[in-house]
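Structure record follows, encoded as structure tokens.
The values are calculated or read from the model by the stated rules, or taken from the named source; none is laboratory data. The model shown is predicted, which means the values in this text are computed figures rather than measured ones. Note that each Cβ is placed from the backbone with ideal geometry, even for glycine, and that neighbours are counted across all protein chains shown. Areas reflect the complete protein model, heavy atoms only, side chains present, ligands, DNA and RNA absent. Shrake-Rupley method; radii C 1.70, N 1.55, O 1.52, S 1.80 Å.
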Amino acid sequence: MGPYAPCQTGGETAVAVSDHVDFNTFMEGVKKRNPNQPEFVQAVQEVSEDIFDFMEDKEQYHSQQILRRIAEPDRIVSFRVCWEDDKGNIRVQRGWRVQNNNSIGPYKGGIRFHPSVTESVLKFLAFEQTFKNALTGLPMGGGKGGSNFNPKGKSVREIMRFCQSFMTELYRHIGADIDVPAGDIGVGGREIGFMFGQYKRITNEFTGVLTGKGLEWGGSLIRTEATGYGAVYFLANMLAHKGQDLVGKTAVISGSGNVATHAAEKIVQLGGKVLTLSDSSGFIHDPDGITQEKINWVKDLKNVRRGRIDEYVTQYPGASFTAGKTPWGVKCDVALPCATQNELLGEDARTLVANGCMAVSEGANMPTDLEGVHIFKAAKILYAPGKASNAGGVAVSGLEMSQNSGRRAWKEDELQQMLKDIMDGIHNSCLEYGAQGGDYIDYVKGANIAGFKKVADAMLAFGVV
Ligand code: NDP
């Protein structure tokens, strides 16, 4: 590890530029400044492990405290969200928007509604988003927002009232050239519609302030599919680099939401066989393969009927349901974690490797814990971190912003080609910075360095701000 100049490790002491510290001291400072924020510390550590090596001979990044500055959000807005449930009870939730870094474009990143949302979770997501957005090659900074609101079991009217209340505060912090949120866990087209309607009502403006909009009111074709499709394009790129493809390969996928179902769809289209899907109650295993018809049934179950994944086995009796478990014990050629953070732990990574899994492409954000990342790297399997492999969603969001600014709508085949080109570009960036000699590519390192360099160089141009 190379030297590094801390700014203030404990929040009080300014340290002279010449007092460079090593990676461990830097991380101690991060932990001290962010107590009780394990997800954020984990994300910073995963990136910093690679960046310290890269910075070793680059004095300008040290002296300008670039990594230290990226790991401190530009601002965090936290606010109360009051709403009334169907029984007339007043409910109080907390909302946040973390604006991490806008060096290369307006803040951009999703909104998550889930009871597990905390400031730490949103800080990690906004930090990751900063590098991911840079990797797309589009002018977007990094942000993330959300609430600990649980949409499960709520009526449509309750969700509408919550979204309106959330936007009644958020609207003053966002804008088409300031910060452009999108969907994430618990926030799909319906919720984006409610929030966009409220933004429009308050401001009397019709601008591209949110992405993931409906096609009739400024949305982009293939935005819904883009994250899952992109994760599979990236996987196909990694395999192609090894002279392989997806035909006949078995895939284990977690989640059954937007990313998981579209990843499954693209695997099937490219000739692979999908064996599993999951939700927070457990996973289903269908040894016959989850076909397009079955995927459509799952989409309807989750998006329209708002059901649970165990209902799959009633519909398709050849499948089995395992309660309370993740699917990583099912033998497969490729794995795509597409549910949530830290859903694939060290022991799961060991099992996948032992079972002969040759490639992992993350659809979710930070689904693999640090131990798992180290196991995949040590085994030298093809392993794509989410910031590279799931960037297709935000990339098409960036294209939605361009279409809104230009008051135009591109055709589906044009957008499909742009998405493919962007995923190819990210893969090439990973090759450029992640080649390790021999034919091993460290995709984590490649993505971290390529994303960091772009943001860091912009920050250098701006001086100390
Ligand atoms: P959805 O809300 O559509 O689906 C989420 C899925 O993950 C559901 O099956 C859900 O199960 C499951 N899940 C959520 N939380 C947990 C948990 N704590 N434990 C187990 N399972 C859980 O979200 P998306 O598909 O949009 O997002 C999935 C992941 O992809 C997230 O990490 C998100 O940040 C990431 N991502 C999404 C993008 C997008 O464009 N949507 C873009 C880039 C990344 P249940 O129904 O039981 O809650």
- prompt: Under a point-charge model restricted to the Cβ atoms of Lys and Arg (+1) and Asp and Glu (-1), what is the dipole moment magnitude of the chain relative to its Cα centre, in debye to the nearest 20?
  reply: 1360
query: Convex hull volume of the Cα atoms in the chain, per residue, in Å³?
result: 141
field: Convex hull (Cα only) mean projected area of segment 65-212, reported in nm² to one decimal
entry: 8.4
- line: Treating only Lys and Arg (+1) and Asp and Glu (-1) as charged, each at its beta carbon, one finds that segment 75-212 has a dipole about its Cα centre, in Debye to the nearest 20, of 200
message: If you only keep lysine pairs separated by 8 or more in sequence, or across chains, how many in segment 258-365 come under 18 Å at the Cα atoms?
response: 6
Hydrodynamic radius of segment 276-343 per Kirkwood, over alpha carbon pairs, in Å: 12.4
- prompt: Just how much of residue 454 is accessible, in Å², when a 1.4 Å probe is used and the result is rounded to the nearest 10?
  reply: 80
- request: At 7 Å along the Cα-to-beta-carbon direction for both residue 202 and residue 370, put a label point, then send me their distance in nm to one decimal.
  value: 3.8
Hits among lysines - C-alpha to C-alpha of residue 58 under 29 Å, sequence gap 8 or more where chains match: 31, 32, 108, 123, 132, 377, 380, 387, 445, 453, 454
field: Other-chain or far-sequence residues with amide H under 5 Å of residue 342's (modelled H)
entry: 368
message: If amide hydrogens are placed 1.01 Å from N in the peptide plane, which non-local residues have theirs closer than 5 Å to the one on residue 357?
response: 332
task: Treat each spin label as a single point 7 Å out from the Cα along the C-beta direction, and report the residue 82 to residue 304 distance in nm.
output: 3.9
- request: Over segment 75-212, calculate the relative contact order: mean separation of alpha carbon pairs under 8 Å at least 6 apart, over the residue count, as a percent.
  value: 27
query: Relative to the present Cα-Cα distance, how much length would full extension add between residue 116 and residue 178 at 0.36 nm per residue of separation?
result: 19.6 nm
field: Per-bin percent of Cα-Cα distances, segment 176-293 [10 Å]
entry: 13, 35, 26, 18, 7, 1
query: Residue by residue, what Karplus-based ³J(HN,Hα) values in Hz, rounded to whole numbers, does segment 70-75 have, using 6.51, -1.76 and 1.60 with θ = phi - 60° and x for Gly and Pro?
result: 5, 7, 10, x, 4, 6
- request: Can you pull the one-decimal nm distance between simple spin-label points at residue 60 and residue 311, each 7 Å off the Cα toward Cβ?
  value: 5.7
- request: State the volume of the convex hull built on the alpha-carbon positions of segment 120-184, expressed per residue in Å³ and rounded to an integer.
  value: 103
task: Give a residue-ordered list of calculated ³J(HN,Hα) values for segment 416-428 (Karplus: 6.51 cos²θ - 1.76 cosθ + 1.60, θ = phi - 60°; whole Hz; x for Gly, Pro).
output: 4, 5, 5, 4, 4, 4, 5, 5, 4, x, 5, 4, 5
field: segment 232-386 - convex hull of alpha carbons, volume per residue in Å³
entry: 92
message: If I take R0 = 25 Å and measure r between the Cβ atoms of residue 291 and residue 355 in this structure, what FRET efficiency does the formula 1/(1 + (r/R0)^6) give, to the nearest 0.05?
response: 0.60
